[in-house]
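A quick write-up on the structure given underneath.
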Amino acid sequence: MSSQVSSSSSYSNVKPSVVDVIVVGAGFSGLYLLHKLRALGLRTRVFEAAGDVGGTWYWNRYPGARCDVESMQYSYSFSEELQQEWKWSERFSGQPEILEYAQHVAERFDLRRDIDFDTLVTVAHFDEGNGQWRVETNHGEHLTAQFVVMATGCLSSTQVPDFKGLDSYQGKTYHTGDWPHEGVDFTDQRVGIIGTGSSAIQAIPVIAEQAAHLTVFQRTPNYSIPTRNGPMTPDYEQSWKSDYAKFRADARQTRVGVLANLNDVSAMSVTEAERQRIFEERWEIGGTYFMAAFNDLPIDQASNDKAADFVRDKIRAIVDDPVNAELLAAKGYPIGTKRICVDSQYFETFNRDNVTLVDVSKAPIEALTPDGLVTGGQDYAFDAIVFATGFDAMTGTLLKIDIQGRGGRTLGDKWQAGPRTYLGLMVEGFPNMFMITGPGSPSVLSNMMVSIEQHVDWVTDGIEYLRNNNLDTMEPDRAAEDAWVTHVNDVAYETLYPQANSWYMGANIPGKPRLFLPYIGGVDAYRAKCDEVAAAGYEGFALQVVGQPEAVSAE
Ligand code: NA7
């Protein structure tokens, strides 16, 4: 018998423990999901570990935190009124304004009443008997739902290296991804910062202005492009808003979900002078658009080398001390194969008297001590240490939840050799459990807002399809999943990305299987594939009625 999802639009103060859908996370994915699921008349509850909405932008409050995608593009497109009425104050928004936007969306669509904050989903077990998920929270609540959607974010599990003596340090410690809400005053303090990824590159110039002294511990230098942020001008805002729907549609048909004015020629197809002129032009425009200077920077070694040389020369020209300049000039991996960074006065900061750069690439940080840390046989004393050491990306948060699918198989067991998904959306053996921007989808290689909206639309369409066809569960076929995993890997190895020890490769977490986590085939091609699969009656998925083991065709 079909346990078709029930429709209910009535809500009371007592929240139901039997619902149609449980959503884990109230970042931009969870908020849009709730809005859409409600529109379908589905009883939905959302659980969020944080004290409010916003996800990434709730947690990452470190000084200088800013989005590297322009605000006019890093925003929802699903509501024309919202996108017309909301006003951004800068070209690239800072964390406080993006968080304000998430809060505005929650208010505007009356979302908070179905969200439990400060609540972790700890357990999600699939019950094969009735096709329902049994879910538990850290507050001891037990729930049942037909669908579970993991909107848990790609960079939501912070990572602090397991340094010897970590607990012995007596000063204050902070992680960029879990920054105190009240802010931190570093005035007159000796501060150490470990890491030189995107977060550190944004934080270092701001902390340096405040601290008595800042010591930066760098293991791998990063390529960074000036952000060239500035106030939003009415003309620029209007240039988007005058035809917003069309620009959004165009962005969805690009590789990364961003209109970046891609110069669709190879870097090697033009003269040296022309190449330098174009790189210079992009450097002046600023931001990640630098990587769109030519169409083959991510895939062609010779073209990539030219771009990397250009940026290294810029760094050498900015940094006064030649030893520091050489240490900061990224090398050893192609530009863009670790997430390209954008900055405001990052390299200039190393010209300040109160900033010291320490290279820990050859002599690693040996231990934390009660006063600070020791590396290369030298002791450093600090009042505060900032860990800008990144995240257990894409899989970390999912694997912290006790997720069990068919036959009690855990997700950890299934993913022992690395994540296996079909389209980054679902996992064989885990029916009716969806992931938003999961491993194997473009996610972190794209404008997250574009990918989030596409996944939420696909998932809610899928749920509606099941409902309309009196079906209970959907689950990828093993063969479809295998083929997708192979494809994700094959496409990655057609690029230069696997050369870098990046979090894209899982390389930043000891023991994590080394494989390329996101899908690099482009959001345009990926969207077409997802649409084709849906149009073919969810090709590659088994659609079932509970109690009827064989897959049924919905056609
Ligand atoms: P990232 O990009 O993962 O950067 C983490 C940094 O921390 C990176 O420079 C690491 O060096 C460094 N790190 C990590 N462990 C150590 C140890 N043990 N010793 C010294 N240095 C260490 O995280 P972010 O938060 O900056 O950015 C994450 C994403 O957020 C970013 O890509 C954007 O998409 C937004 P390594 O490079 O591993 O040598």
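Residues checked against (1) open to solvent by less than 20 Å² (accessible area, probe 1.4 Å); (2) modelled with pLDDT under 95; (3) more than 8 Å from the ligand (Cβ to nearest atom):
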position	(1), (2), (3)
Gly195	yes, no, no
Ala200	yes, no, no
Pro205	yes, no, yes
Ala211	yes, no, yes
Ile225	yes, no, yes
Asn229	no, no, yes
Pro234	no, no, yes
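Does Arg255 meet the test of being part of a loop (DSSP other than H, G, I, E, B) and over 30 Å from Ala507 (Cα atoms)?
no
Has region 211-229 got any residue that is assigned to a helix (DSSP H, G or I) and either within 30 Å of Trp88 (Cα to Cα) or within 19 Å of the chain's Cα centre (by Cα) (or both)?
No, because not a single residue in region 211-229 is assigned to a helix (DSSP H, G or I) and either within 30 Å of Trp88 (Cα to Cα) or within 19 Å of the chain's Cα centre (by Cα) (or both).
Checking Ala49 against (1) open to solvent by 10 Å² or more (accessible area, probe 1.4 Å); (2) within 16 Å of the ligand (Cβ to nearest atom); (3) under 18 Å from the mean Cα position of the chain (by Cα): exactly one of these is not met. Which one?
The single condition Ala49 does not satisfy is (2).
Does Asp178 meet the test of being more than 30 Å from Ala500 (Cα to Cα), open to solvent by 30 Å² or more (accessible area, probe 1.4 Å) and more than 9 Å from the ligand (Cβ to nearest atom)?
no
With the structure loaded, tell me whether Asn263 is out of contact with any helix residue (DSSP H, G or I) (no Cβ under 6 Å at 6 or more places or on another chain), more than 16 Å from the ligand (Cβ to nearest atom), touching a residue at least 60 places away in the same chain (Cβ under 8 Å) and not hydrophobic (A, V, I, L, M, F, W, C) or whether it fails that test.
The answer is no for Asn263.
Identify, from the list Asn501, Asn508, Asn470, the residue that is more than 21 Å from Arg420 (Cβ to Cβ), under 18 Å from the mean Cα position of the chain (by Cα) and in a loop (DSSP other than H, G, I, E, B).
Answer to the check: Asn501.
For Arg190, only one of the following conditions fails: (1) touching a His at 6+ places or on another chain (Cβ under 7 Å); (2) within 11 Å of the ligand (Cβ to nearest atom). What is its number?
Failed condition: (2).
Thr356 passes all but one of (1) within 14 Å of the ligand (Cβ to nearest atom); (2) touching a Ser or Thr at 6+ places or on another chain (Cβ under 6 Å); (3) modelled with pLDDT of 95 or more; which number fails?
For Thr356, the exception is condition (1).
Return yes when Tyr244 is surrounded by fewer than 21 Cβ atoms within 10 Å (Cβ to Cβ), more than 9 Å from the ligand (Cβ to nearest atom), within 25 Å of the chain's Cα centre (by Cα) and of a type in the set (Ser, Thr, Tyr) and no when it is not.
On the way: surrounded by fewer than 21 Cβ atoms within 10 Å (Cβ to Cβ): yes; more than 9 Å from the ligand (Cβ to nearest atom): yes; within 25 Å of the chain's Cα centre (by Cα): yes; of a type in the set (Ser, Thr, Tyr): yes.
Against the criterion (surrounded by fewer than 21 Cβ atoms within 10 Å (Cβ to Cβ), more than 9 Å from the ligand (Cβ to nearest atom), within 25 Å of the chain's Cα centre (by Cα) and of a type in the set (Ser, Thr, Tyr)), Tyr244 qualifies.
Restricting the first residue to region 359-373 and requiring it to be free of Cβ contacts under 8 Å to residues at least 24 places away in the same chain, which pairs with a second residue that is within 12 Å of the ligand (Cβ to nearest atom) and open to solvent by less than 70 Å² (accessible area, probe 1.4 Å) meet a Cβ separation below 9 Å and a spacing of at least six or different chains?
Ala363/Thr375
Answer yes or no as to whether Leu166 is within 15 Å of the ligand (Cβ to nearest atom) and surrounded by fewer than 19 Cβ atoms within 10 Å (Cβ to Cβ).
Against the criterion (within 15 Å of the ligand (Cβ to nearest atom) and surrounded by fewer than 19 Cβ atoms within 10 Å (Cβ to Cβ)), Leu166 qualifies.
Among (1) more than 16 Å from the ligand (Cβ to nearest atom); (2) free of Cβ contacts under 8 Å to residues at least 12 places away in the same chain, where does Phe434 come up short?
Among (1) more than 16 Å from the ligand (Cβ to nearest atom); (2) free of Cβ contacts under 8 Å to residues at least 12 places away in the same chain, Phe434 violates only (2).
Kindly indicate whether Phe434 is modelled with pLDDT of 95 or more, within 24 Å of the chain's Cα centre (by Cα), under 24 Å from Gly27 (Cβ atoms) and part of a strand (DSSP E or B).
yes
Being within 15 Å of the ligand (Cβ to nearest atom) and over 16 Å from the mean Cα position of the chain (by Cα) narrows it down to one residue among Tyr74, Tyr62; which is it?
After applying the criteria, what remains is Tyr62.
Output the number of residues of region 287-299 satisfying the condition of being assigned to a helix (DSSP H, G or I) and among the polar types (S, T, N, Q). Reasoning before the result, please.
We begin by selecting, within region 287-299, every residue assigned to a helix (DSSP H, G or I); these are 288-292.
Keeping just the survivors that are among the polar types (S, T, N, Q) gives 288.
The total comes to 1.
Working carefully through the options Ala317, Ala308, Ala302, find the one that is open to solvent by 70 Å² or more (accessible area, probe 1.4 Å), at pLDDT 95 or above, small (Gly, Ala, Ser) and assigned to a helix (DSSP H, G or I).
Ala317
Which of the residues belonging to region 320-349 are open to solvent by 60 Å² or more (accessible area, probe 1.4 Å) and either closer than 21 Å to Met505 by Cβ or assigned to a helix (DSSP H, G or I) (or both)? Give the steps one after another, and end with the answer.
If we filter region 320-349 for residues that are open to solvent by 60 Å² or more (accessible area, probe 1.4 Å), which is where we start, we get 320-323, 326, 331-332, 339, 344-345, 348.
Scanning region 320-349 gives Pro322, Val323, Glu326, Lys331, Gly332, Arg339, Glu348.
I need a count of the residues in region 437-450 that are at positive phi and within 10 Å of the chain's Cα centre (by Cα).
2
Would you mind telling me which numbered condition in (1) open to solvent by 30 Å² or more (accessible area, probe 1.4 Å); (2) within 16 Å of the ligand (Cβ to nearest atom) Tyr465 fails?
Of everything listed in (1) open to solvent by 30 Å² or more (accessible area, probe 1.4 Å); (2) within 16 Å of the ligand (Cβ to nearest atom), Tyr465 misses just condition (2).
The values are calculated or read from the model by the stated rules, or taken from the named source; none is laboratory data. Predicted model, so just to flag it, every value in this text is computed and none were measured. When we count neighbours, we look across all protein chains shown, and the Cβ atoms used for this are built from the backbone with ideal geometry, even at glycine. With ligands, DNA and RNA removed, areas are computed over all heavy atoms of the protein, side chains included. Shrake-Rupley method; radii C 1.70, N 1.55, O 1.52, S 1.80 Å.
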